[in-house]
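Structure record follows, encoded as structure tokens.
The values are calculated or read from the model by the stated rules, or taken from the named source; none is laboratory data. Computed from a predicted model, the values in this text were never measured in an experiment. Cβ placement follows ideal geometry from the backbone for every residue including glycine, while neighbour counts extend to all protein chains displayed.
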Amino acid sequence: MAINKRKINPEDDLGFGPQPVIKNQPLINKDGSPNVKRKGLPLFNTANNYHTLITMGWTKFWLLVLSGYLVLNIIFAFIYLSFGPDSLNGTSGNTRFDHFMDAFFFSAQTISTVGYGHISPKGMGTNSVAALESMMGLLAFALATGLLYGRFSKPSAQIIYSKNILVAPYLENEKGVMFRLANMRKNMLIDLEIEIIFSFNEITNGKTVRRFYPLEVERRKVSILTMNWTVVHPLDENSPLKDMTKEELEKAEAGFAILLKAFDDTFSQTVNSRTAYQAHEIVWGAKFKPVFDRDEDGRIILDLSKISDHEPYDFEKSGKS
């Protein structure tokens, strides 16, 4: 590949060092997480429990909470049944299933400290278990409340990126590598700063190593992200990708790591967003379609569903090389 060697900076390796990309495995996933599989951790490793519970999807989180709630009540229901069917006062069931359901709903009342009073524990053993369960319920609900607060209060950037990165017309007679992004939320993001790290495999002394290059962009900072932002790396004489070809990029398993930093005016904290593009996600000879329009009153309408929309562009017909 025709790369300007003066552009290299060993500090821009994103923490991966010279490790090459193999079988088109990206260094950074689309969601911004590093594509690294960890091994050698203890079987019952608890170091990532809080992080996992805070960052997992809402559907998975609620399924986990409900599953834990049901499993815990089922366990205590069996414990109450182990003391015999007469260990609970006020039960009306005649079958084993009825006794189990009475014990289950008594457990649900105890763990939530509701206690309707229809069923009550009988005997030292049952009362001791009920006291233990009520204490566990207080701790469990306090933990769940903390997790919910942490999930809602955790500042994060909800940035939507275009599906592809384009080689598109830029200015009058130039070309550029570009992609689009926009804020999915209604909050204000200010003082945004973007960085693009281009990387590819290179054979040096018979060994494949990964090279990283920071790319210059047309506009590195934006004061306020009110609409969409088209980030452009001009393919001029200073670009390390001036003479790139699609075949060379795919052969070198090239990639683009996108690092975005902004200040969230709602939380008054700095937030970050990351994503990545691979060589096969580059569309050659295309340009983005408009992503906004105006209503009858002249108000701007931003359509985020069109963030990835683009159309073909023929550089030869346009006279651009």
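Structure notes:
- Number of the exception - M136 against (1) surrounded by 13 or more Cβ atoms within 10 Å (Cβ to Cβ); (2) more than 30 Å from H51 (Cα to Cα): (2)
- Residue in region 132-154 that is closer than 30 Å to F256 by Cβ and touching a Lys or Arg at 6+ places or on another chain (Cβ under 9 Å) present: no
- Residue in region 242-254 that is in the same structural domain as F200 (by TED's automatic domain parsing), at pLDDT below 90, of a type in the set (K, R) and out of contact with any helix residue (DSSP H, G or I) (no Cβ under 8 Å at 6 or more places or on another chain) present: yes
- Consider region 134-181 and keep the residues that are closer than 27 Å to M244 by Cβ and small (G, A, S). The one that is modelled with the highest pLDDT is S162.
- Of all the listed residues (H233, H310), the sole one being crowded, with 17+ Cβ neighbours inside 10 Å and free of Cβ contacts under 8 Å to residues at least 60 places away in the same chain is H233.
- Residue that is farthest from E133 (Cα to Cα), among those in region 63-102 that are among the β-branched types (V, I, T) and touching a residue at least 12 places away in the same chain (Cβ under 8 Å): T91
- Filtered residue count, region 264-283, keeping only those that are in a strand (DSSP E or B), crowded, with 16+ Cβ neighbours inside 10 Å and either not aliphatic (A, V, I, L, M) or not assigned by TED's automatic domain parsing to the domain that holds M244 (or both): 6
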